[in-house]
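Okay, structure first, notes after.
Just so it is clear, none of the values below were taken in a lab; they were calculated from the coordinates. Since the model is a prediction, treat every value here as computed from it, not as a measurement. All Cβ positions, even for glycine, are placed from backbone atoms using ideal geometry, and neighbour counts span all protein chains on display.
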Amino acid sequence: MSLTDPPRDFQSLQQLIAERAQDLPKRLAQVAGYALGNPDEIAFGTAASIAEASSVQPSTLVRFAQSLGFQGFSDLQDVFRSRLRERVLSYDERLSHLRADDKAHKASLMFAGFAEAAEHSIRELRLRLDGDKLEEAVKLLAKAETIYLVGLRRSFPISSYMSYAFGKLGVKNQLIGATGGLAAEDVSFATPQDVIMAISFTPYASETVKLTQSAHGRGVPVVSITDSAFSPLAPVSKLWFEVTESHFEGFRSLSATLALAMTFTVAVAERRSASKG
């Protein structure tokens, strides 16, 4: 993406920042981390308040925005504001948007939209996935005494599928859920001989982040699936995998994440079986 063509949606902006994260100067990287960790503050704060909160000069905010191709910081803020508008839409409101479109609410066209989003998500993951890192993660997970699966809210269908598949394949695992309020107690049994498999995406389930950080603090290795180099899961993960899901009318696909989850479950089971043979 050229400097004259900056991203106009939050998802694309995340991807651009992740691609350039290693090359950003220290102060700009500091702003990037604050921006993705505090998108609401970026959306509605002033340059002065944001600069103070992120411990930089206001001019640094302008340089950060321009480094990404924006004319100025207010131009960049528009992307964060659009992300907030999308985020606060209720499911009823999303359905209302579909009804307002004479074509989108037709079931066959709706399916085409969801299929296209799923195809795009998987295609992008195939292009970016690091095969060597994937092999390293599979090796780490295969050696674990127990794999703790931590993925709440939107990510719970992924973690619960992995638990089901691991169980059928004979891999010891512990699914962490919110039922009964026992998640913290369940994760407290994890040791450095186990592995935490954490899954979370913007706006990041706070309980998933808290549980993963707690386990990391006790020396438990973490493998995570998330959506940005500035995700709160990335710093505490031994290995993390970026998955950026496309959406249709505000409804995000989980197709690429599920494909990666299936890869982990089957590859780990196959490696454990091979090592016994």
Taking a crude spin-label model, label points 7 Å out from Cα along the C-beta direction, the residue 271 to residue 186 distance in nm is 2.4 nm
Dividing the mean separation of Cα pairs under 8 Å (6+ apart) by the residue count of the stretch 126-276 yields a relative contact order in percent of 24 percent
Computed for the chain: size of charge dipole around the Cα centre, +1 on C-beta of each Lys and Arg, -1 on C-beta of each Asp and Glu, debye to nearest 20, value 580 debye
Under 5 Å from the placed amide H of residue 149, counting only residues 5+ away or on other chains, we find 174, 175, 176, 197
Ignoring trypsin sites (Lys or Arg not before Pro) buried by more than 14 other Cβ within 10 Å or outside DSSP loops, the longest site-free run in the chain is 9-102
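Okay, helix-only estimate at 222 nm for the chain: each DSSP H run of n ≥ 4 adds -39500 (n - 2.57), divide by all residues, round to 500 deg cm²/dmol; what do you get?
Here the helix-only value at 222 nm equals -18000 deg cm²/dmol.
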A convex hull over the alpha carbons of the stretch 126-276 yields, per residue, a volume in Å³ of 108 Å³
Percent relative contact order for the chain, counting Cα pairs under 8 Å at least six residues apart, stands at 19 percent
Sparse-neighbourhood loop hits (chymotrypsin sites (Phe, Trp or Tyr not before Pro), the stretch 143-209; DSSP loop; Cβ within 10 Å at most 14 others) -> 189
Projected area averaged over all directions for the convex hull of the alpha carbon atoms of the stretch 122-177, nm², comes out at 4.6 nm²
Taking 194, 186 and counting other beta carbon atoms within 10 angstrom, the fewest-first order is 186, 194
Using eta = 1.567 mPa s and T = 4 °C, Stokes-Einstein with Kirkwood Rh from Cα pairs puts D for the stretch 10-87, in µm² s⁻¹, at 106 µm²/s
